[in-house]
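To keep things clear, I will list the structure first and then write my remarks on it.
The values are calculated or read from the model by the stated rules, or taken from the named source; none is laboratory data. Nothing here was measured: the structure is a model prediction, and the numbers come from that model. For neighbour counting, all protein chains shown are included, and Cβ atoms are generated from backbone atoms with ideal geometry for every residue, glycine included.
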């Protein structure tokens, strides 16, 4: 019990804690196995006893021993009772007595038991697929069966069944029979589970045919008198080669069985000779068959296994190689991808570099980097071009870079850099404008910007920067400045202060671009007591337009002084432009205002129409009086006057096309918009209105210059009036007109008016003539109405240069004669004349 | 010609005639003086200065008339002024005392000859 080295897996009787049920089941299974083994043993024994050669119980082939060995190997040695009982049952009828049968049974049980123990001890494999397993089973059979042979033969002698001298042959036959039983039967039984591996019908058929051939050949040779029994061997060898133990074991069993049967019946090769000779022949033949077949089978199996192992190894190697190869190719692929990516990145980088270069080229911007500790400077291609060299023509360092700077600017550039380095912190340097001398000797103006980075501790590390060639910009700036200055100087410095009107002018340069336009305006008092307004636009921009505009304005003033009538002035301007070829084209509107009558006369040469904003009523453009632009018409008579009313309170707006012309809208719509904006009204002052009109345009983005001139006809009467006139005899007449209008508006009669006018005029004339001489100065005139009395004050801040001569005496006489009272206050800071005149006295309606 | 005033010249009987349109002040008095002198022919018995169209006359104009009268007297010529009663310059002339040396006609009488164009 428990000796088995290979106890079956369900043998759990040694395990602790197992349930009684499981133990009972195991015991029942063992009993079933014992009965099976006993039955098999008994049947095999009864069959083989028919082949007995000695008495009736010594046979040349004893299969039950093989069955017992296999039972012990497969089920474990604990099935020995089954073997023992079966052996006793077999021997009992053929032994001389029951004791002899029992002893023989013990021997028959012990022999396979020992053989099985021996096999298990040496690590026998039931598949017999190794040479050592074949050798092991042969040795185990040879040695193990000595037990049964010795006990069996001994019992035969002792029981008197065989004579003492018959012990040797009986032992030999017994031993050989048991050994052959083991060698022929055990391999076959052990090979039975292996038949499951024959899956294809072809193989099964082949095996069956082979076994049939073996049987046939064996039967044939056993029938022959010729001793040719060995002819079976090649077939057995073939079977062993083709099917190993599956072919060899049944083949050997067949051959050995047929041979034993033939020997038992004394047929064929066993027909003649002694029993011993027959026995020897049969045993030798059987031993040869058994040894040859399963030794050969074992060797072939081993070889096959070795080949399989080799093949598996080769396959494994192959697989490993494939794995390795695929690893390698994957790595290769990755490498390829990486290379492609790198190339791609490199290409993109080059692309970006090229784009940067082009951008720099277009913008005239060069960039540089200065690694300060190494004093290594890198210049972009454009940097070289700006300096007049081919890209990367030479290696740059700081001193080489500074050498390009114009000698007058070198110090400034160096100082800029040194100050930055001294600051010892990351920062942006102040921009610097400096000149360089290019390779060809020309000068350029550059605008430099730079950034300094320092290491921890403030040591300078790196400076990067850009330079921009601003030479052309500087030039353009200069020209723009000149044009702007010119234009500003060409426009009137101020507007004349004329009682009865308010004047506001606006000039807005175009928001876009640098060019100065040719828009202009003017307002002046002209002979006859009129006020002349003009707004014009010279086609083109820049210096030329500005200068043409200036000339036109001056010419207009000159013509207006000669004859202020609109047709005259505009026709003369037209002729001027035609004869002098001042400009290709110009528009102008000229308006002459008669304050006394409140009417305007005007001529427009291709200019947008003036706008009239009445006190109440509809805002409207003044139509008529429109001729072609100056310089485009053949005959000057095409310019015809139109006239319109401008009652007190009305406002007249004249402007250049910038106010109404905008991208994307028609001129008509522009005019509509302006009219709507002007209709909105509600402005506190005329200035506010102008600003609002401009803002409404600016909000929509003015694209051209705008000149705007607004005139409001206002009442002068009622309140006090102040005049400030130049100390010039020519100022006297305009001043008189203002005073005359004021007097009219306060309701003074013609006689009183003209008398006050003369007195006031005298005071002014005296101030003009005596206070300043040829010098510059102003005379202030104030008129006020109080209690039906007009008060006139004329003040100058000069020194009367001569004692009153005849003129002054006469003037004083006039003043005293015309006015109710005259006071003259001569102070160190000027003279003040105060006069009064009652409207009632001599005021003839 | 001055912007303020202009002269219209002609004859009235045996005398020369100058009609002053516009205003006379310090700014144009010298100019007017020359023009008026030129109009007074040496052969005539005198000079008639018509101020009926004169809208403004101040002491500068008075001084001009005084000087004119003196020069004419030196040539044995007479200066006569035409000033309607409603003329704006009437008051000034009256105040100036010019009437003492130059007779003043109210003008516009039927006997006075028309001024040729």
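A few points about this structure:
Residue-by-condition table, conditions (1) touching a strand residue (DSSP E or B) at 6+ places or on another chain (Cβ under 8 Å); (2) more than 15 Å from residue A:653 (Cα to Cα):
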residue	(1), (2)
A:580	no, yes
A:586	yes, yes
A:601	yes, no
A:604	yes, no
A:610	yes, no
A:618	no, no
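- Residue check, residue A:158 touching a residue at least 12 places away in the same chain (Cβ under 8 Å) and either within 28 Å of residue A:74 (Cα to Cα) or in the same structural domain as residue A:92 (by TED's automatic domain parsing) (or both): yes
- Summed over region A:249-307, the residues that are at pLDDT 85 or above and either part of a loop (DSSP other than H, G, I, E, B) or at positive phi (or both) give a count of 0.
- Sole residue being touching a residue at least 60 places away in the same chain (Cβ under 8 Å) and under 20 Å from residue A:361 (Cβ atoms), chosen from A:442, A:471, A:466: A:466
- Count of region A:814-833 residues which are in a loop (DSSP other than H, G, I, E, B), in contact with a strand residue (DSSP E or B) (Cβ under 7 Å, 6 or more places away or on another chain) and surrounded by fewer than 17 Cβ atoms within 10 Å (Cβ to Cβ): 1
- Total residues in region A:389-405, condition modelled with pLDDT of 90 or more and within 15 Å of residue A:365 (Cα to Cα): 1
- Residue in region A:347-354 that is in a helix (DSSP H, G or I), surrounded by 10 or more Cβ atoms within 10 Å (Cβ to Cβ) and over 24 Å from the mean Cα position of the chain (by Cα) present: no
- Residue selected from region B:35-64 under the condition more than 16 Å from residue B:6 (Cα to Cα) and away from chain A (no Cβ under 11 Å), by the criterion surrounded by the most Cβ atoms within 10 Å (Cβ to Cβ): B:47
- Failed item, numbered, when residue A:520 is tested on (1) more than 43 Å from the chain's Cα centre (by Cα); (2) on the phi > 0 side of the Ramachandran plot: (2)
- Taking the criterion of being within 14 Å of chain A (Cβ to nearest Cβ) and closer than 12 Å to residue B:61 by Cβ, the residues of region B:1-30 that qualify are B:4, B:5, B:22, B:23, B:24, B:25, B:26, B:27, B:28, B:29, B:30.
- Test set (1) surrounded by fewer than 20 Cβ atoms within 10 Å (Cβ to Cβ); (2) within 28 Å of residue A:667 (Cβ to Cβ) - residue A:537 fails condition number: (1)
- Yes/no for residue A:102 being in a helix (DSSP H, G or I), over 60 Å from the mean Cα position of the chain (by Cα) and without any contact (Cβ under 8 Å) to a residue 40 or more places away in the chain: yes
- Against the test of being part of a strand (DSSP E or B), in contact with a strand residue (DSSP E or B) (Cβ under 9 Å, 6 or more places away or on another chain) and at pLDDT 90 or above, the options A:592, A:573 yield a single qualifying residue, A:592.
- Residues of region A:712-743 classified as under 26 Å from residue B:84 (Cα atoms) and more than 13 Å from chain B (Cβ to nearest Cβ), total: 3
- Any hit, region A:514-524, residues being surrounded by fewer than 17 Cβ atoms within 10 Å (Cβ to Cβ), more than 14 Å from chain B (Cβ to nearest Cβ) and either modelled with pLDDT under 80 or touching a strand residue (DSSP E or B) at 6+ places or on another chain (Cβ under 9 Å) (or both): yes
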